[in-house]
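The values are calculated or read from the model by the stated rules, or taken from the named source; none is laboratory data. Keep in mind it's a predicted model, so treat the numbers as computed, not measured. Positions of Cβ are backbone-derived with ideal geometry, glycine not excepted, and every protein chain shown enters the neighbour counts. Side chains included, ligands, DNA and RNA excluded: accessible areas come from the protein's heavy atoms. Shrake-Rupley method; radii C 1.70, N 1.55, O 1.52, S 1.80 Å.
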Amino acid sequence: MNMMKKLILAVLSIVLFSTTFFWASCRKTGDDEGWTEEDKASYEEVLNLQDEVSNNLDDWFLSMDSLDAINRAQQSFEASPSVTEATINSKGIAVQYANGMRGGLFLKGKLFDYKKSTDSGRQGEDINAENDLKSLVNGRKMLQMDAAYSEFSYYTDQVHNLNSSNLSRVGIGVTDYLKDGEVTLDRLTQLAGYGIIDMSGHGIPWPKEDYITEIYYVTGETASENTSQKYWDEIKTGSIPVIKTMRFTNGTKYCVSPDFISSHNDFGNDTLFFYGGFCFSFLGGWPDIIDDFGDGAYLGFDWSVQGYHCANWDINSLAFMSDTSKTAPMNLEDWMNDAAVDKSYNESGRTISIHYTGDGKLTLWGDISVKLIALSDDGAPVSNPGEAGVAYPFKCEVVSDISELEYVWDIGDGSSPVTASNAVNITWSEDGAYLLKVEVIDKSNGSSIGSATANVSIGTQGGVKEFMLTSDLMRCYFGSGGSTNITIWDNPSLYGTDWAQIADYGNLEWSGLSFSGTLTEGDGTSWSNTNTISGTLSSDGQTVSFVAEQEGFTNTIHKDYYYYKMTVSQAPLYHFEPPSNTGNGQANYGVEDGQNAQNYVTAFEGQKWTDEEVYATVTGIDWNKVANLISSFNKID
């Protein structure tokens, strides 16, 4: 038992933090007169004592039972004349100093388990009723920050990549991405004007979990004398604790309370989505931060949260709320009530949940639609084939609250996109099939608010539907475009096992608009692979849906079997090359943007096994590594 305790504590990161006991109003920066020699000496005495006890504690962990070591550290604090009280809690030791400062040791890990008794705060108040702002984020830019990026980069980078892709659909750009030491006190005074703030890292409860009076957010800034002088009044009054981190990051860091964020930022004109992505972020005074918003909502957690759940809720909320394929935007309350993603999970008998307070009707977009219209009388060259050399009129109709827009037109012939008005005349010089695309840009921040496409046919050759019904080979490209693995396994040791991203499905047979085919490869002894496809073509030839299966075995040291099944729904046509003197033609369906592939791959499953047992199962797709989803239909001579 003692050995187990030592093993647990060996991986704990020790954090020392200091702050004062009494609360006072915050003052703005720039006045250094409060930093006297007496103050400096008192401040350094606290830090020196904490350094001394923490260094001793490291040695005690190596020579005695972990809990005995912590008891000895507590006794060392109480033996000092500068300490009035030292209390062991579930995270370490809370120390009250005679000079009024708070401090102690914070252990990144659990020593004991307490039942949560802290009220998780307000849930779903409609602060919009008190002002005339709309329930729509009005800053079309996002700030993402992670003061513990070095520790959580695996999750943080996924959050950044997926949120950047998803939010581009509603014209919101992740304009600022702060990591580790970039999350400073000064930078945390410059938060106004954003529509979304994503604040991730570590949260520290004070003084202990069964009696929390405040939660502090750990910044990435290393303490310096200049910064401590600048913010001294707030350091000595509890708004800015100072902590020393010893393992997961090095150096002495500043922390902030919600009072610091509110006092240094004017959110009065902001309709804001604020995501508190750190432990205990819905406790203490953090939910009250919405009182300073013009409108909006704050989200946080009622206990210490796992990195996976923190990232998943972050990505999922913004993905659903930015989904412009819906007839109406999903608001925050809708997302919280959506059973598709659990808003709670259980860990060691405790239920941990995400909560929100503020305006439940908050949305990321509203009344935004983009439509591309062919204005010719017969609908050419979209509804009917057009002629080369003829100018055809098109118009992009946009419904949006955004006043200043620009339109980027790509006619699909390999020429560079052109910025023009919403009404244009377009000429194609050669017969062929083209994808016409217009992207609508918010001129205020350069972000896309949406796009629309149309398949154009120039010339009298048969259309894509006629070609598809004669095709006899399909090649499916899905993945990274290289050898990088995209599948996520329940057995982490197999994560590096590659999945074949290119598969041929030959001998296609058509029955009306339905098709099927099978292709078997291999020598049947050392390896074998069978690909099977079945699907349907839409009546206008513009989309395909199919189920693709791949199964086989390899026989090297022992015989390993595998099976994959992918379901694709309504993949759109994005390129059609009719048959000509130089080729047999080709029709490609899907997307070249890996993030958008999620909209069409509705299911993916897979397993690996031997004759004895199943040893790995696919649990998901790493969409950050997916480069494309392309189904290419061809006709073989």
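Accessible surface of segment 222-275, 1.4 Å probe: 38 percent of it comes from carbon and sulfur atoms.
Solvent-accessible surface of segment 266-309, taken per residue with a 1.4 Å probe and all protein chains present: 22 Å². Accessible surface area normalised per residue over segment 519-637 is 49 Å², counting heavy atoms of protein chains with a 1.4 Å rolling probe. Straight-line reach from LYS395: taking Cα to Cα under 14 Å and skipping same-chain neighbours fewer than 8 places apart, the aspartates and glutamates in range are ASP377, GLU406, ASP410, GLU439.
Using all pairs of distinct alpha-carbon atoms, the Kirkwood hydrodynamic radius of segment 408-478 works out to 14.7 angstrom. With 29 Å as the limit, the listed pairs LYS371/LYS625; LYS179/LYS608; LYS437/LYS465; LYS40/LYS244 have LYS371/LYS625; LYS179/LYS608 beyond it between alpha carbons.
Can you give me the accessible area per residue for segment 405-447, using a 1.4 Å probe, in Å²?
Details: 2200 Å² over 43 residues.
I get 51 Å² per residue for this part.
Based on C-alpha pairs under 8 angstrom that are at least 6 apart in sequence, segment 55-94 has a relative contact order of 28 percent.
With the contact rule set at Cα under 8 Å and sequence spacing of 6 or more, what percent relative contact order holds for segment 302-355?
Details: 33 pairs, mean separation 19.9, N = 54.
About 37 percent, as a whole number.
Farthest toward the positive end of the dipole of segment 141-211, out of GLN144, SER168, THR156, is the Cα of SER168, where the dipole comes from beta carbon charges about the Cα centre. Take every Cα pair under 8 Å whose residues are at least 6 apart in sequence, average their separation, divide by the length of segment 150-284, and the relative contact order is 31 percent.
Over segment 285-328, with every protein chain in place, what whole percent of the accessible area is carbon and sulfur at 1.4 Å, could you tell me?
On the way: 620 of 1350 Å².
Carbon with sulfur: 46 percent of the solvent-accessible area.
Each residue of segment 409-425 was assigned a 3J(HN,Hα) from its phi angle through the Karplus expression (A = 6.51, B = -1.76, C = 1.60, θ = phi - 60°), giving 9, 10, 8, x, 9, x, 6, 6, x, 10, 8, 8, 7, 7, 10, 9, 10 Hz with x at Gly and Pro. Basic side chains Lys and Arg get +1 at the Cβ, acidic Asp and Glu get -1 at the Cβ, and with that the dipole of segment 130-186 about its Cα centre reaches some 400 debye.
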